[in-house]
Amino acid sequence: MSTLVYVILTSLIVSTLSCGTNGETLEFLIGSRGRGLKNGCSSENHRKYRATRCSKLGDAGAPPAALPVKTELLVFADQRLASVYPIIQKFKSLVTSDPLGITKTWVGSDICKYKGFFCDSPPDNNSATAVASIDFNGFQLAAPTLDGFLDQLPDVALFHANSNNFAGTISSNIARLPYLYELDISNNLFSGSFPTAVLGMNGLTFLDIRFNFFTGAVPPQIFTQNLEVLFINNNNFMTTLPDNLGSTHILYLTLANNKFKGPIPKDIFKAFSSLSEVLLSNNQLTGCLPYEVGLLKEAIVFDASNNKLTGPLPVALSCLEKVELLNFSGNQLFGMVPEVVCELEKLGNFSLSDNYFTTLGPVCRELFYKGVLDVANNCIPGLPFQRSVVECLDFIANPKSCPGMWSYAFIPCKPPFSSGSMNPGMAPSS
């Protein structure tokens, strides 16, 4: 009998709770063990706290009415902001990592206060307000793609997103962005072929795609496009340097740490004559250095290390009066290190290690003893840390030749040196 009472009591409690019974009714049920049910579903207390209808005690009753959902009415300062709001929110849902909590600020209708978003008047309407630039630099965000985001911001002029973990490829739809003139997606995880969508974007002046995983060929026409800055280093581009590279108007260009192959076009040095840094290192460039290298009159840094270049060093390098760093280490250069190059007044770092040079004059030896010149792992008698005799003889036994050997003693500028030019070592002959 006791068990039956508790079963009935339990049923009453569950039924009462489902009907929305208040605390007093529940307390009465438990205290009376189910007797004297004066304040059931029809009680005033019950009506006071619940508007839901209950038929009989012990009956499951109708489900409680759903609470009204409070919706916030978003008011945007401009229709252009309203149109990109769902685009931003969709991209936010794709972000898989946000260690700095950037996307927490991407709420509400005031998009201009979202971290990384900047507003301005678009060129076609000075009275309008639109998302004009994006700066995600260093935010460490991760997302599988930028498609559906970058290419859907019709008024964006600058998009900077270096040092994140964005991946995928670049949508061809970015070519439809009429105002975009700076695009920086460096130091991310992008892959695939060169983003050809940028070709023909005449307004684009700054393109930085370095430190990614792009591969394949680089379209030659990119070098003659109206760019001021082109950074494509530290990818996996595998192509020869195009001949039209000599016609480029690019002011800042980096090609290092790829897999560019073939000889360096002679005209490239004329095109690079205004560059302060010429970076060709860590590629697969072959052939000899032409005397046109002396045209790099503004160069402060010239780095062609870790390639497969051969031949003697042109004395034309003595024309690089502003140069502070020369690096030709890790190649197959040979002969004598030109004295006039060692006389460059501002030269503070001159690396020729891991080559096959055989002769060092007094001026260059002075740089060596000062620690300015590094000639480790060459074939220079009497100096420490050189290649073995066997290794050097093996290299000499396989003659290397360069076209126009006379040009290696030619200086295309008036040298400011009292000692004059010295003829570098010539190619070894059999």
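By the Kirkwood approach, averaging reciprocal distances over each pair of separate Cα atoms, the stretch 75-130 gets a hydrodynamic radius of 12.1 Å. Across the stretch 223-277, the fraction of Cα-Cα pairs farther apart than 16 Å, rounded to a whole number, is 40%. Here the accessible area is traced with a 1.4 Å probe on the protein chains. For the stretch 254-403, carbon and sulfur cover 52 percent of it. Taking the convex hull of the alpha carbon positions in the stretch 149-206 and averaging its projected area over all directions gives 3.6 nm².
Using a/c under 1.5 as the rounded threshold, could you call the stretch 105-251 rounded, prolate or oblate? The axes a ≥ b ≥ c are square roots of the C-alpha gyration tensor eigenvalues, and prolate needs a/b larger than b/c, oblate otherwise. Here the stretch 105-251 falls in the oblate category. Heavy-atom accessible surface of Glu321, to the nearest 10 Å², is about 100 Å², with a 1.4 Å probe and all protein chains retained. Working value for the stretch 286-418: equivalent-ellipsoid semi-axes of 22, 18, 13 Å, each the square root of 5 times a Cα gyration tensor eigenvalue, largest first.
D by Stokes-Einstein for the stretch 305-357, Kirkwood Rh over Cα pairs, 37 °C, 0.692 mPa s: 294 µm²/s. Solvent-accessible area per residue in the stretch 152-226 equals 38 Å², computed with a 1.4 angstrom probe and all protein chains kept. Bin width 10 Å, alpha-carbon pairs only: give the P(r) of the stretch 233-343 as whole percents, running from 0 to the bin holding the largest distance. Pairs per bin, as whole percents: 15, 51, 31, 3.
The values are calculated or read from the model by the stated rules, or taken from the named source; none is laboratory data. Nothing here was measured: the structure is a model prediction, and the numbers come from that model. Just so you know, the surface numbers come from the protein's heavy atoms only, side chains and all, with ligands and any DNA or RNA stripped out. Shrake-Rupley method; radii C 1.70, N 1.55, O 1.52, S 1.80 Å.
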